[in-house]
Structures are given as structure tokens and as C-alpha cells.
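Throughout, read-outs are computed from the coordinates displayed, never taken from laboratory work. As the structure is a computational prediction, the values presented were derived from the model and not from experiment. With ideal geometry, Cβ positions are generated from the backbone for all residues, glycine too; neighbour counts draw on all protein chains shown.
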Amino acid sequence: MSLENDIQEAAELLRASRRTVVLTGAGISKESGVPTFRDALDGLWARYDPMQLATPEAFRRHPQLVWDFYEYRRSIMRPARPNSGHLALAALERALPEFCIITQNVDDLHEQAGSQQIIRLHGSINANKCFAACRGEPTSIDLHELQAAPDARPPACPHCGSLVRPAVVWFGEALPTDALRAAIAASAAADVMLIVGTSGVVQPAADLPIYAAQQGARLIEINPIRSELTPLVDRWLAGPSGVILPQIAAVLGIYA
Ligand code: BV8
């Protein structure tokens, strides 16, 4: 089937869908200039594997290196703006009956694009918390409120003196219970799941399409290349989400 026919069919499935869920990964932010998790990072960070840095063990062992890694990624994300893929999803949410995004991403481009119903599986790179969770999990820390040594890398928790860390879910850490529970429930109730820009490698997010398919949902993947999830889906639309999502929305007469 041609890509044009697949886009038409995807639009028809969305038009008929009462409950639509979108699982997004780093690929949807690629056209905003945010490298995906598996893109080789450039400069100083080219020789590091994010998988080795995004862990509590790495932070315990090399707190300044891991803190600097996140400051580097924050510096890349700061100027990034939503691309036409993010904007198309926000427009689809406004037009379709029940619509939510489950994101693996730690950037805030879905929020910037105007999406409202967002389940964040892996936290936010723009937030920070106490590594010791001294006032419960999460003990959120606003860097602007730090009096003592705000430029320390990493800063110290103003309550207990422990290290401040990015409020993201590292490998080996449990996902937020409420978010994972909501994501599983939304996936199991969906008529259609769009799977956008994810390699489908990271668990337990990669299981969500299985929950959807088990309850009869139609799965539509948007990714320029095959992923671990492609064998599961009803339709794989091979291309960039910043191009394909607006085309799907346009078939429905929906424009960002
Ligand atoms: C946990 C925050 C348990 C940090 C991230 C089985 C069950 C449970 C766990 C495991 C399991 N097997 C293995 C595990 C452990 C591990 C895991 O999954 N490892 C993998 C590598 C095998 N999982 C965990 O550790 C999770 N925790 O399960 O805990 C537990 C329970 C109780 C108590 C204690 C512990 C935690 C996982 C969360 C990790 N944190 N992010 C940070 O960002 O720094 S995940 C991180 O990687 C990203 O956030 C992102 O979510 C993920 C990368 O995935 P993608 O988003 O898919 O990105 P990727 O680069 O891989 O792919 C991009 C895709 O986009 C590509 O396919 C590309 O083709 C496509 N693309 C490119 N351009 C475009 C495009 N698509 C569309 N348009 C384009 N233009």
C-alpha cells in the first residue's frame, strides 16, 4: 500500500476512534533539533553512552559528570520549539473525542505545543529534586531558590545537603506509579494507538502497545525506519512525524 493510502487509512481510523492514545518517543522531537537518545551526541559527549550516564549509580560515582551531561542536554533543549508534529497532535486532541499522549520524552515540547492530556513516563529534564528524597519522593528543588552555592555542579539540597539531581527516571529506577498506571489503563482502553518516534527498546513503555493490541486497538506507527514495535503494528507509516502527522490531520480537515 502507498504511503498516501496509509495516511488516508490512518485518518479514517482516527475519525472513527472514540479513544485515541499516542505513545511518543525521542523521534518526535528530532525535527525540533533535539537529538534522539540513540543519536550520537556531539562534542565532549560523543564518547559517552547516555545509557551509562542515565543511572543512579553513575550519579553516585560521578555526580559532576552526570550533572554536566544534563546541563548540556538542557542547553540543547532550551531553544527548541515544538515542530509541526507536536502541533498536529495538539490539534488532533482538540478535535477528537478522547485523546491523550503518553510520552517517554523528558522535554516539554508537547506542553509548549498546547497538548493538555499528557502522561509523562520518564519525568522532566527541566525539573530537579533531592537525590535523598529527604522530604518524600519527589522532594522538588527550584534551583532559583538556592541561596548557597547555586553554581555548584551538582548543587546541594537546601534541606538536607544531599545532591540535587534531574527529576527524570533513570535506568534501573521505577517509573512514577500513577503515571504508569494511567498509561496502562489508557492503552488498554484505546481504539487506536499512534506510536510516534520510538525505537520500542525501553521498558516498560515498550509494553504499552501490547496492552492496546490485546484489547483490540489498531496500532499505527510513524517512524522513518523500522523499530522493535513495527512487527506488532497494523500500519507502519515510514517517514518523519513532522511531515506525516500534519498530513493525517489535514485529511481530517484539522490544521495546527
Ligand atoms: C524500570 C529519562 C524497574 C532519562 C529514560 C523489562 C522490564 C522492566 C525493565 C526492564 C526490562 N528490560 C530492561 C529493563 C531495564 C530498562 C530498559 O528498558 N533497558 C533497555 C535499554 C533494555 N528499563 C528501566 O530501567 C526502566 N525502569 O523498569 O524499573 C524497577 C521496578 C521497581 C523498582 C525498581 C526498578 C526505566 C526506563 C526509563 C529510562 N529513562 N529517560 C534521560 O532521558 O536522560 S528512557 C530514555 O530512553 C528516553 O527518555 C527515551 O524514552 C528512551 C529512548 O527511547 P526512544 O524515545 O525510543 O528514543 P530512541 O533514540 O531509542 O529512538 C528514537 C526513534 O525515533 C528511532 O526509532 C528513530 O528511528 C525515530 N526517529 C528519528 N527521527 C524521527 C523519528 N521518528 C519520527 N520522526 C522523526 N523525524
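Just a few scattered comments:
- Label-to-label distance for residue 94 and residue 3 is 2.7 nm, based on points extended 7 Å past Cα in the beta-carbon direction.
- Separation of the residue 40 and residue 72 label points, Cα + 7 Å toward Cβ, nm: 1.4 nm
- Estimated at 0.36 nm per residue, the fully extended path between residue 171 and residue 215 surpasses their Cα-Cα distance by 13.0 nm.
- Difference of contour (0.36 nm per residue) and Cα-Cα distance, residue 162 to residue 144: 4.8 nm
- Kirkwood Rh, Cα atoms: Rg over Rh of the chain: 1.00
- Segment residue 64-residue 19, extension gain: residue separation times 0.36 nm, minus the distance between their alpha carbons: 11.8 nm
- Note on 244, 28, 119: ascending count of other Cβ atoms within 10 Å places them as 119, 244, 28, the fewest first.
- Mean separation of Cα contacts under 8 Å (6+ apart) over length of the chain, as relative contact order %: 26 percent
- Antiparallel DSSP beta bridges within the range 128-256, percent to nearest 5: 40 percent
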